[in-house]
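Below: the structure, in C-alpha cells.
The values are calculated or read from the model by the stated rules, or taken from the named source; none is laboratory data. Source: prediction; values computed, not measured. Cβ atoms come from the backbone with ideal geometry, glycine included; neighbour counts cover every protein chain shown.
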Amino acid sequence: MLFLCQMMNQIKPCRPIFVFFIFFLSIPVLFAQPTKKEFNGKIEKLSKELDAIIKHDAKIEVIADGFGWVEGPLWIESRKMLLVSDVLNNTVYKWTPKKGKEVYLEYSGYTGTVPRTEELGSNGLALNHKGELLLCQHGDRRVARMNASLDNPKANYTTLANEYEGKKFDSPNDLVIKSNGDIYFTDPPYGLEKGVNNPSKAAPYQGVYRISKNGEVTLLVDSISRPNGIAFFPDEKSLLIANSDGEKPYLYLYDLDKDGLLVNGRIFQNDRGTDGIKIDKQGNVFTTGQGGVWIYNKKGVLLGKIKIEGSTSNCAFADNYKTLFITADNNLLKVDLCPHCPKS
C-alpha cells in the first residue's frame, strides 16, 4: 500500500498585448477536461451471465491518477460525486464528471500532531441514514462521523467507536451500514506500524464488530486473521467478509441471526486474496485484489474478470448500477456496466 504526486504553474507581469497572449494560451489549462484515458487491462468473460452485468464493448478508463494509495470509493448520488480515501496522504478526494479530481477533506484519518509513518488516512467511507459521512480512520484508530455538511467538509469528527471492552481498535478498515442503522466494520492491523507487533496493539485478535444504532459495540468475529472488505447481500440475511491474509486468502460467508449476530461462517471463495467487496442488487459479487476485479454470482461461480495490472483495493457502483468505479494503486478507474442487458 504505497505511492505519491503534484503539479504547479506560474505567471509574470508584461505589456498588455503579451498579457492577452498568455491569457489566450492559458484558456485550455483553465478549462481542461478531467483525466480520461484507456487503461492497460482487459475484460475476460468466463460465463454468459457476465453479459447481463458488463457492457459488451466496455473499456477500462483512467479518470484520475496521482494518488498515494486510493481506497474506500463512495458514490453520492445527490451530489453526483465520488469520494475516495488517499490512505497514505491522509486526504479524501472528490471526483465529479465536470471537474475531475479535487481535494475534499484533509486530515481524514489522523488528526494528531506527532509525525508518524504508517497508513494514517481514512479508508472505508459510508453515508448514514441522515446523509452524514462516516469514516474508518486508520491513524485515529476509530470509526467516526464528520461534523459538517457534505457541501462544506471539515476535519471535525465525533467518535462512534474506538475500543471494545477497554481495548483500543487497531485501524478500522471497511464498513457497511444495515438498513436499521447498525454499522458493521472490520479492524485489521494495517494502520499500525509493525502491524500485529506494534506495542500499542491492544486486542490479541483482529476483529469484526458491530456498532448498534444506540452506540453499543459488539465483537462479532475474532477468528479471521486479516479481516478487510465487508458487504451485505441485498436481503441482508447474509454478508461476506474478506480475509486478505496470504496464508488464508478466503472470502467468508456468514448468516445473520434474528439479533444481527454472525453465525454459520463458511468459505464462499478461495481463489485468491480479496481486499474490497461490493454486491449488486442481483447478488453478484465484485471482489478486488491483485490483478483486478473478479465477479461471481451469488452461488460463488466465477463469471468473469476485469483484469488490471497491479492491485485493486475496492470498487463502488453508481448511476443505478450502470457504472463501476475502481480504486487501483494510485489510479481511479471507471467501467460501464449493463445491469439490464440480456444474456447472450
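Some notes on this structure:
- Remark: residue 140 matches the filter, which requires a residue to be over 17 Å from residue 177 (Cα atoms), more than 16 Å from the chain's Cα centre (by Cα) and either crowded, with 22+ Cβ neighbours inside 10 Å or among the aromatic types (Phe, Trp, Tyr) (or both).
- Scanning the range 292-344 for residues that are of a type in the set (Gly, Ala, Ser), closer than 18 Å to residue 65 by Cα and in a strand (DSSP E or B) yields 292, 310, 311, 316, 328.
- Qualifying residue in the range 88-105 (condition: in a loop (DSSP other than H, G, I, E, B), surrounded by 18 or more Cβ atoms within 10 Å (Cβ to Cβ) and touching a Phe, Trp or Tyr at 6+ places or on another chain (Cβ under 7 Å)): yes
- Lone qualifier among 144, 202 - being in a strand (DSSP E or B) and among the small types (Gly, Ala, Ser): 144
- Odd one out for residue 342 among (1) farther than 21 Å from residue 40 by Cα; (2) touching a strand residue (DSSP E or B) at 6+ places or on another chain (Cβ under 8 Å); (3) surrounded by fewer than 16 Cβ atoms within 10 Å (Cβ to Cβ): (2)
- In the range 150-166, the residues that are more than 16 Å from residue 140 (Cα to Cα) form Cβ pairs under 7 Å with partners that are in a strand (DSSP E or B) and at pLDDT 95 or above, at six or more places apart or across chains, as follows: 150/76; 150/133; 153/104; 153/105; 153/146.
- Residue list for the range 257-294, restricted to those being hydrophobic (A, V, I, L, M, F, W, C) and either within 25 Å of residue 318 (Cα to Cα) or without any contact (Cβ under 8 Å) to a residue 12 or more places away in the chain (or both): 263, 277, 279, 285, 286, 293, 294
- Of 139, 131, 121, all but one fail to be touching a residue at least 12 places away in the same chain (Cβ under 8 Å) and farther than 21 Å from residue 87 by Cβ; the exception is 131.
- The criterion of being loosely packed, with under 13 Cβ neighbours inside 10 Å, in a loop (DSSP other than H, G, I, E, B), among the polar types (S, T, N, Q) and over 15 Å from the mean Cα position of the chain (by Cα) holds for residue 117.
- Residue match in the range 148-161 (condition: assigned to a strand (DSSP E or B), surrounded by fewer than 19 Cβ atoms within 10 Å (Cβ to Cβ), out of contact with any Phe, Trp or Tyr (no Cβ under 8 Å at 6 or more places or on another chain) and not aromatic (Phe, Trp, Tyr)): yes
- Extreme residue, modelled with the lowest pLDDT, among residues of the range 268-315 that are within 19 Å of residue 86 (Cα to Cα) and surrounded by fewer than 21 Cβ atoms within 10 Å (Cβ to Cβ): 310
- Identity of the residue in the range 201-256, modelled with pLDDT under 95 and within 20 Å of residue 314 (Cα to Cα), that ends up surrounded by the most Cβ atoms within 10 Å (Cβ to Cβ): 244
- A Cβ distance below 7 Å, combined with a sequence gap of six or more or placement on separate chains, defines the contacts here; from the range 301-330, residues that are closer than 20 Å to residue 46 by Cα reach residues that are charged (D, E, K, R) and in a strand (DSSP E or B) in the pairs 304/44; 304/45; 305/44; 307/42; 307/44.
- Enumeration of residues in the range 39-51 that are of a type in the set (Gly, Ala, Ser), surrounded by 20 or more Cβ atoms within 10 Å (Cβ to Cβ) and at pLDDT 95 or above: none
- Yes/no for residue 287 being in contact with a Ser or Thr (Cβ under 6 Å, 6 or more places away or on another chain), of a type in the set (Ser, Thr, Tyr) and not in a strand (DSSP E or B): no
- The range 162-183 - residue that is more than 20 Å from the chain's Cα centre (by Cα) and assigned to a strand (DSSP E or B) and, of those, surrounded by the most Cβ atoms within 10 Å (Cβ to Cβ): 164
- All of 78, 108, 85 fail the test of being modelled with pLDDT of 95 or more, of a type in the set (Ser, Thr, Tyr), over 16 Å from residue 333 (Cα atoms) and touching a Ser or Thr at 6+ places or on another chain (Cβ under 6 Å), apart from 108.
- Test: residue 190 is aromatic (Phe, Trp, Tyr) and surrounded by fewer than 20 Cβ atoms within 10 Å (Cβ to Cβ): yes
- The condition of being surrounded by 20 or more Cβ atoms within 10 Å (Cβ to Cβ) and of a type in the set (A, V, I, L, M, F, W, C) holds for only one of 54, 76, that being 54.
- Residues that are closer than 14 Å to residue 91 by Cβ and among the small types (Gly, Ala, Ser) were ranked within the range 63-81; the one that is farthest from the chain's Cα centre (by Cα) is 66.
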